[in-house]
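Data block below; observations after.
The values are calculated or read from the model by the stated rules, or taken from the named source; none is laboratory data. Computed from a prediction, not measured in an experiment: that's the story for all the values here. Glycine also receives a Cβ, built like all others from the backbone with ideal geometry; neighbour counts cover every protein chain displayed. Areas reflect the complete protein model, heavy atoms only, side chains present, ligands, DNA and RNA absent. Shrake-Rupley method; radii C 1.70, N 1.55, O 1.52, S 1.80 Å.
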Amino acid sequence: MAANDTIADMLTRIRNANLARHQTVDIPSTKMTRSIAQVLKEEGFIADFTEAGEDIQRHLVVTLKYRGKSRDPIIKNLKRVSRPGLRVYSNRKELPRVLGGIGIAIISTSSGIMTDRDARRQGIGGEVLCYVW
């Protein structure tokens, strides 16, 4: 994995932490990872996230969410769509629906990072970063 693909790195860390049933996971903090964490929180996929560390070693501490006694992860799957080698863009008419609306697509738009639902509401397209369900 390319070191400069912070989004794929973030998704992989969350995926692995989920599989291991970890309560929290550390992710290097960038503007992009903060925005994605914010969307995941708003959509109820993660419990919370905070920022820790000094200046250059800042990282996000993401608190994962599980369901019930068996601690089923709320996030079933994370899929990177657009990547540095192959960017995937979508105009407002072609915004993807994930699992018929059960999941979300995280879109990077001119108005910031948002879900496919918000982008559709605002009538804007953008780069399809990932799918979450």
Selection count where residues are touching a strand residue (DSSP E or B) at 6+ places or on another chain (Cβ under 6 Å) and loosely packed, with under 15 Cβ neighbours inside 10 Å, scope segment 73-82: 1
Search result, residues across segment 19-38 that are of a type outside the set (D, E, K, R), more than 17 Å from C130 (Cα to Cα) and outside any loop (DSSP other than H, G, I, E, B): L19, T24, V25, P28
Selected residue (only one of T6, T33, T24 is of a type in the set (S, T, Y), over 22 Å from E127 (Cβ atoms) and either in contact with a helix residue (DSSP H, G or I) (Cβ under 8 Å, 6 or more places away or on another chain) or surrounded by 13 or more Cβ atoms within 10 Å (Cβ to Cβ) (or both)): T24
Any hit, segment 102-119, residues being of a type in the set (D, E, K, R), free of Cβ contacts under 8 Å to residues at least 12 places away in the same chain and out of contact with any helix residue (DSSP H, G or I) (no Cβ under 7 Å at 6 or more places or on another chain): yes
Filter pass, R58 being surrounded by 13 or more Cβ atoms within 10 Å (Cβ to Cβ) and of a type in the set (D, E, K, R): yes
In segment 99-127, the residues that are of a type in the set (A, V, I, L, M, F, W, C), at pLDDT 95 or above and more than 14 Å from S35 (Cα to Cα): I104, A119, I124
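Conditions tested, residue by residue: (1) closer than 17 Å to A8 by Cβ; (2) open to solvent by less than 40 Å² (accessible area, probe 1.4 Å); (3) in contact with a His (Cβ under 8 Å, 6 or more places away or on another chain).
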residue	(1), (2), (3)
A47	no, no, no
E54	no, no, no
K69	no, no, no
P84	yes, no, no
K93	no, no, no
P96	no, yes, no
